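Report on the following structure.
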Amino acid sequence: MTLTVRRLGVGDEATVLAAAHLFDDPPVLQAVADLLASPSDHLLLAFIDGQPAGFALAHELRRTDGLSRELFLYEIGTDEAFRRRGVARSLIDALTTLGRARNAHLMFVLTHDSTPAAVALYAATGGTREGEDVVLFDYKLD
């Protein structure tokens, strides 16, 4: 089994559309093109043996207080057929590497206790739980 993760960019619109089954809602070509053209929005796809297996979408947040930017992990998903093979973990690892390269000091994601698999994933990948009901995991990138 070969697992690879790619950050997609301009020209990868067809790759996203071909992986439509990974997303909750079907991707729209113009929205995908706009997202891929943005230097502060990041769409990563994971592949197992060349097949789309998962994705992560993150956005860089700029700040007014002089601190470096933060990376907001907005959405992550793994195809049911490829779960428990390290796909989500690899996507998070790739995002933390990307965040460091982009000079972010923190990556964070929101989830709820009603999604125990997500809570377990974020805890297992180094996130620190914040709060009680809404769960915020901070990733220290420096």
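For the chain, the membrane-span-like helices by this rule, meaning whole DSSP H stretches whose C-alpha atoms cover at least 18 Å of axis and whose Kyte-Doolittle mean is -1.0 or above, are 87-101; this says nothing about an actual membrane.
Placing +1 on each Lys and Arg Cβ and -1 on each Asp and Glu Cβ, with no other charges, gives the chain a dipole about its Cα centre of roughly 540 debye. Taking a ≥ b ≥ c as the square roots of the eigenvalues of the Cα gyration tensor, the chain is classed as oblate, since a/c reaches at least 1.5 and a/b does not exceed b/c.
No value in this document is a laboratory result; all are computed from the given coordinates. Here the structure is a predicted model, which is why all the values come from computation and not from measurement. We place every Cβ from the backbone using ideal geometry, glycine too, and count neighbours over all the protein chains shown.
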